[in-house]
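Have a look at this one before I ask anything.
The values are calculated or read from the model by the stated rules, or taken from the named source; none is laboratory data. Being a predicted model, the structure only gives us computed values, none of them experimental. Please note: Cβ atoms are built from the backbone with ideal geometry, for glycine as well, and neighbour counts cover all protein chains shown. Protein only, heavy atoms only, side chains kept; ligands, DNA and RNA dropped before computing areas. Shrake-Rupley method; radii C 1.70, N 1.55, O 1.52, S 1.80 Å.
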Amino acid sequence: DTAVSQTPKYLVTQMGNDKSIKCEQNLGHDTMYWYKQDSKKFLKIMFSYNNKELIINETVPNRFSPKSPDKAHLNLHINSLELGDSAVYFCASSQQQTDTQYFGPGTRLTVL
Amino acid sequence: QQQVKQSPQSLIVQKGGISIINCAYENTAFDYFPWYQQFPGKGPALLIAIRPDVSEKKEGRFTISFNKSAKQFSLHIMDSQPGDSATYFCAARRDYKLSFGAGTTVTVRA
């Protein structure tokens, strides 16, 4: 009974392609996040949704578009993939924006 | 630019020794300072956290020391065990947003 799950775990694709990463949480939380962890392990927030409303939108290329169909799901769609998009993407969730964030296992994206 | 500076980048400690990781910040609007532990191939997991009105917090072998005037905080891992080998991230929160340090890879030698 995984708390925060992501699919796929690995994603290898060519430059220019469009891909999506899915995230689901079964914790009943109302806030979800996307983070990017680069090759040096630096973690940076990209987006956050609270009750399906976008509340944090960092300086991220508009090729990245999050979509929250309901409170338990937050998907990340990436258009026109570039080499620099290669990273591990983590989804996280919390109950309210001030509580502990629980991270998923990550999706390793490799753009060739 | 990085809002939370973390050091060292890596450290090696013998089993039973003490690991110390330091973090510094500039923005006094930060209101919550968590530490996360990440094992290879896994997502970060909250280890321990502190608020700026507290100078120290201890949970088992893990202690956070917080110096508000110096804008520094540190994680001490006492009696380090091989299972503690992981990457540790400090973070600071402002406006519901976490800013992470660059991470410290801790290796505990048996």
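Mind telling me which of the residues A:86, A:20, A:68 ends up being hydroxyl-bearing (Ser, Thr, Tyr), touching an Asp or Glu at 6+ places or on another chain (Cβ under 9 Å) and within 22 Å of residue B:42 (Cα to Cα)? Explain how you work it out, then say what you get.
Working: A:20 fails: touching an Asp or Glu at 6+ places or on another chain (Cβ under 9 Å); A:68 fails: within 22 Å of residue B:42 (Cα to Cα).
Checking each option against the conditions leaves just A:86.
Now, a different point. Quick check: is even one residue across the range A:68-79 in contact with a Pro (Cβ under 6 Å, 6 or more places away or on another chain), surrounded by 13 or more Cβ atoms within 10 Å (Cβ to Cβ) and more than 24 Å from residue B:37 (Cα to Cα)?
Yes, the range A:68-79 contains at least one residue that is in contact with a Pro (Cβ under 6 Å, 6 or more places away or on another chain), surrounded by 13 or more Cβ atoms within 10 Å (Cβ to Cβ) and more than 24 Å from residue B:37 (Cα to Cα).
Which of the residues that make up the range B:1-51 are in contact with a Gly (Cβ under 8 Å, 6 or more places away or on another chain), among the hydrophobic types (A, V, I, L, M, F, W, C) and under 27 Å from residue A:6 (Cβ atoms)?
The answer is B:4, and nothing else.
Right, next: Out of curiosity, is residue A:90 of a type in the set (A, V, I, L, M, F, W, C), in contact (Cβ under 8 Å) with a residue 60 or more places away in the chain, touching a strand residue (DSSP E or B) at 6+ places or on another chain (Cβ under 9 Å) and not in a loop (DSSP other than H, G, I, E, B)? Steps first, answer last, please.
On the way: of a type in the set (A, V, I, L, M, F, W, C): yes; in contact (Cβ under 8 Å) with a residue 60 or more places away in the chain: yes; touching a strand residue (DSSP E or B) at 6+ places or on another chain (Cβ under 9 Å): yes; not in a loop (DSSP other than H, G, I, E, B): yes.
Yes, satisfied.
Could you go through the range B:85-96 and let me know if any residue there is of a type outside the set (S, T, N, Q), more than 14 Å from every other protein chain (Cβ to nearest Cβ) and out of contact with any strand residue (DSSP E or B) (no Cβ under 7 Å at 6 or more places or on another chain).
Initial filter on the range B:85-96 (of a type outside the set (S, T, N, Q)): B:86, B:88-96.
Next, only the ones that are more than 14 Å from every other protein chain (Cβ to nearest Cβ) stay: none.
Scanning the range B:85-96, I find no residue that is of a type outside the set (S, T, N, Q), more than 14 Å from every other protein chain (Cβ to nearest Cβ) and out of contact with any strand residue (DSSP E or B) (no Cβ under 7 Å at 6 or more places or on another chain), so the answer is no.
For every residue, the table says whether it meets (1) in a strand (DSSP E or B); (2) of a type in the set (S, T, N, Q); (3) without any contact (Cβ under 8 Å) to a residue 40 or more places away in the chain.
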position: B:23; (1), (2), (3): yes, no, no
position: B:34; (1), (2), (3): yes, no, no
position: B:54; (1), (2), (3): no, no, yes
position: B:69; (1), (2), (3): no, yes, yes
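Further, regarding this structure: Of the numbered conditions (1) in contact (Cβ under 8 Å) with a residue 24 or more places away in the chain; (2) open to solvent by 60 Å² or more (accessible area, probe 1.4 Å); (3) aliphatic (A, V, I, L, M), residue A:11 satisfies every one except a single condition; which is it?
(2)
Shifting gears a bit: Which condition number does residue B:71 fail, the rest of (1) away from chain A (no Cβ under 13 Å); (2) open to solvent by less than 30 Å² (accessible area, probe 1.4 Å) being met?
Every condition holds for residue B:71 apart from (2).
If we keep just the residues of the range A:31-43 that are free of Cβ contacts under 8 Å to residues at least 60 places away in the same chain and over 11 Å from the mean Cα position of the chain (by Cα), which is farthest from the other protein chains (Cβ to nearest Cβ)? Lay out the reasoning, then the answer.
Restricting attention to the range A:31-43, the residues satisfying the condition of being free of Cβ contacts under 8 Å to residues at least 60 places away in the same chain are A:34, A:36, A:38-43.
With over 11 Å from the mean Cα position of the chain (by Cα) added as a condition, the list becomes A:38-43.
Details: A:38: 10, A:39: 12, A:40: 7, A:41: 5, A:42: 6, A:43: 4 Å.
This residue is A:39.
How many of the residues making up the range A:90-104 are surrounded by fewer than 17 Cβ atoms within 10 Å (Cβ to Cβ) and more than 8 Å from every other protein chain (Cβ to nearest Cβ)?
Here the count works out to 3.
Let's see how each residue does on (1) within 13 Å of chain A (Cβ to nearest Cβ); (2) within 26 Å of residue A:36 (Cβ to Cβ):
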residue: B:5; (1), (2): yes, yes
residue: B:19; (1), (2): no, no
residue: B:24; (1), (2): no, yes
residue: B:52; (1), (2): no, no
residue: B:58; (1), (2): no, no
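Could you tell me which numbered condition residue B:80 fails, if it satisfies all but one of (1) open to solvent by 40 Å² or more (accessible area, probe 1.4 Å); (2) away from chain A (no Cβ under 14 Å); (3) modelled with pLDDT of 95 or more?
So residue B:80 meets the others, but not (1).
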